[in-house]
Amino acid sequence: MWPQFAQGLFQMLQPGNVLLLLVATVIGVIIGILPGLGPVFALALFLPMTFSMHDASALIFMCALYASTVFGGGITSILLNVPGTPGSVATCFDGYPLARQGKAGLAITAVTVASVIGGLIGIAGLIFTAPALAQVSLLIGPSEYFMLALLGLSLVAIASKGDPLRGLAMGGFGLLLSFIGRDSVSGVLRFTFGSTNLQGGISFAPVAIGVFAIAQALVMAEEGGTISQDMAKVSGGIMEGIKAALRNWVTIVRTAVIGLVIGIMPGIGISTSNFVAYLVEKRLAKNPETFGTGDIRGVLAPESANKATVSGELVPAFALGIPGGASSALFLIAMAVHGIQPGANLFKSNGLLMSTVYWALLISYVPIFLIGVFGAKYMAQVTRIPNSILVPPIIILCVLGALSFANSINDVFIAILFGVIGYVLMKRKYPVACLVLGMILGPLMESNFQRAMLLSHNSLSIFVTRPLSLVFLVILVILLVGPGVLGKFGKKLHLAPMTKGTK
Amino acid sequence: MTTIEKARRFADRLFSFLVFLMAVAMFILSFSLPSQAALLPRWIALATAVLILAAQFKPVRNKENTEEEVQIPFFIGSLYLVAYCIVFYLFGFRIATAILTIVLSRKLGLKNWVLTLLLALVLSVGLAYIFGHMFSVRIPEGALLKIF
């Protein structure tokens, strides 16, 4: 293990890779600072550029981009009271009051230190839990794997922002799209509707670019104008910020662990972990009334948690091939393009690559720290760039990205079509991530389903006779039916005394 | 309900209808496939058709009564993108990108013509050069321009 870590560090420190990491970090912080453009947008927009890179360089770029975008969101929360990413909403509660008190420099430095510590704890979690979880995957058969993938998809639909019913429908739509083309097991051509263009199936990369990036560009085109005119001034406070963060190390460590655990669970992610961390810290504080008025713990908690969530989200994706959210789904797309299979083999045959990924995540916090401490106020100026200048490059980068996937003009049309679809889905409260997750999980689910059916001589009983598969099925049923039943039961319990009262 | 919200609702209904049609078609087509390749798609198609239908009866809580200030409504933005696809196919990446950049940035309020043209030049020629040479992407020349 240790020699591979050393080799991984050596690979990471190759000049080309260091340059990529720096470029990705700067781009990531800028995108994170721009409200509305989160890590999913950044990963989708730059995903195609990784296709022509070496596999290690591609993952280094994506890791640095992911971590730095989440970091950038916190800066906007403090300076503008507008969360840059969904993972920094809770940072506004105390970050902006601190900025109004003239402590923006202190807050940003403290957040940077918390981000570095939270990020390191998250990476440690990824290093130790992902290989262990991957070993578990070796013990489970195709029926269990199928049920686990179905459970993962359903969890994302239920837990993510939006309507669960619409999320499940989108998951189903994504699965249907993945069935188009040649069946991977029997080789039969299916659902091509007579079109030769559909014989190779619909690639998930142009779809992801469309629903995550082009859709966002349409939203920005609708909004127009600039993101911000009023910005708090940033001055000094570097040493005070470092001291304030280190004084509250317990808060940082505790919320990082919370963030890591939330990240590992499918479907929840940074949008929830920052809130949970904030609320837990507020609950545990001796003086909770100071939260919301500029308490430094109120910015340390969410920012430490969301950095740990970044690594946590990668655990099920790397270990099982089951993404916990849209960001990790995009990682799986990049891995698939480079022929990297997630699962137990990833840590055995691609141990060096994984070590490089760990180092990339780790080292990306060096430029993040430097940007956070010395460059945040300059970076924040990007919020003054008008959408009239931002929107065209986003769309054109998406077009070129879709084109670079397979040099096919059809992919451009698919990306644009799904961009329009993605816009409608976003505005009508559909959890868009479920569509892409369905497309990614489709081949995995179907191959395991078919293998399970072969093992059981075409009997569906295998899904209920295998204990672990049954457990997953029961959890799935509880998750799908439980809230409805509990809701009705709860209503009855509440209505009974009310009815008595009115009588 | 505002016009923009009505348009979004119409687009949602149209999209849902198309997904429903696709699911039903895949459900029917699955019966002509060997059972191994048909079983899972058949169930997922059935489930998706039911779910997308059920979703139509659940209201979407949007701020429908508040008038949004809209720069380029999405249906216009979508039309621009469709037009871009057509010009892209006929005249290639560079011409289509230059036109789209000029139209979009002007519509979004960029008053400075020099900046607009510079942006169009960078995106259509600069990015095409970078992607063509650094990422080995074949930049489409356009079906019509190829003929001539």
Checklist entry - Can you find a residue in region A:201-212 that is modelled with pLDDT of 90 or more and under 18 Å from B:L33 (Cα atoms)? => result no
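Of all residues in region A:20-37, how many are without any contact (Cβ under 8 Å) to a residue 60 or more places away in the chain and over 13 Å from A:S364 (Cβ atoms)? Walk me through how you get there before you give the answer.
As a first pass, look at region A:20-37 and keep what is without any contact (Cβ under 8 Å) to a residue 60 or more places away in the chain: A:20, A:23, A:27-28, A:31-32.
Among the residues that remain, those that are also over 13 Å from A:S364 (Cβ atoms) are: A:31.
Looking only at that region, the number is 1.
So that you can scan it fast, the table gives a plain yes or no per residue for (1) buried (at least 23 other Cβ atoms within 10 Å of the Cβ); (2) over 21 Å from A:Q341 (Cβ atoms); (3) not β-branched (V, I, T):
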| residue | (1), (2), (3) |
| --- | --- |
| A:V113 | yes, yes, no |
| A:L139 | no, no, yes |
| A:S143 | yes, no, yes |
| A:A149 | yes, no, yes |
Checklist entry - Of the conditions (1) assigned to a helix (DSSP H, G or I); (2) within 13 Å of another protein chain (Cβ to nearest Cβ), A:V464 fails just one. Which one is it? => result (2)
Checklist entry - Given the conditions (1) in a helix (DSSP H, G or I); (2) at the interface with chain A (Cβ under 8 Å from one of its Cβ atoms), and given that B:L53 satisfies all but one, which numbered condition is not satisfied? => result (2)
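Regarding region A:157-167, can at least one residue be identified that is farther than 23 Å from A:L479 by Cα and at pLDDT 85 or above?
If we filter region A:157-167 for residues that are farther than 23 Å from A:L479 by Cα, which is where we start, we get none.
No.
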Next on the checklist: Can you find, within region B:1-50, the residue that is modelled with the highest pLDDT among those that are more than 9 Å from chain A (Cβ to nearest Cβ) and not in a helix (DSSP H, G or I)?
Outcome noted: B:T2
Checklist entry - in a helix (DSSP H, G or I) and more than 27 Å from A:S154 (Cβ to Cβ): does that describe A:E289? => result yes
Checklist entry - Applying the selection to region A:177-209, what residues are touching a residue at least 24 places away in the same chain (Cβ under 8 Å), of a type outside the set (A, V, I, L, M) and within 23 Å of B:A49 (Cα to Cα)? => result A:S178, A:F179, A:D183, A:S203, A:F204
Next on the checklist: Go through (1) facing chain B (nearest Cβ under 9 Å); (2) surrounded by 15 or more Cβ atoms within 10 Å (Cβ to Cβ); (3) not in a helix (DSSP H, G or I) for A:I396 and report which single condition fails.
Outcome noted: (3)
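The values are calculated or read from the model by the stated rules, or taken from the named source; none is laboratory data. On a predicted model such as this, the values are computed, not experimentally measured, just so you know. Heads up, the Cβs are rebuilt from the backbone with ideal geometry, glycines too, and the neighbour counts pull from every protein chain shown.
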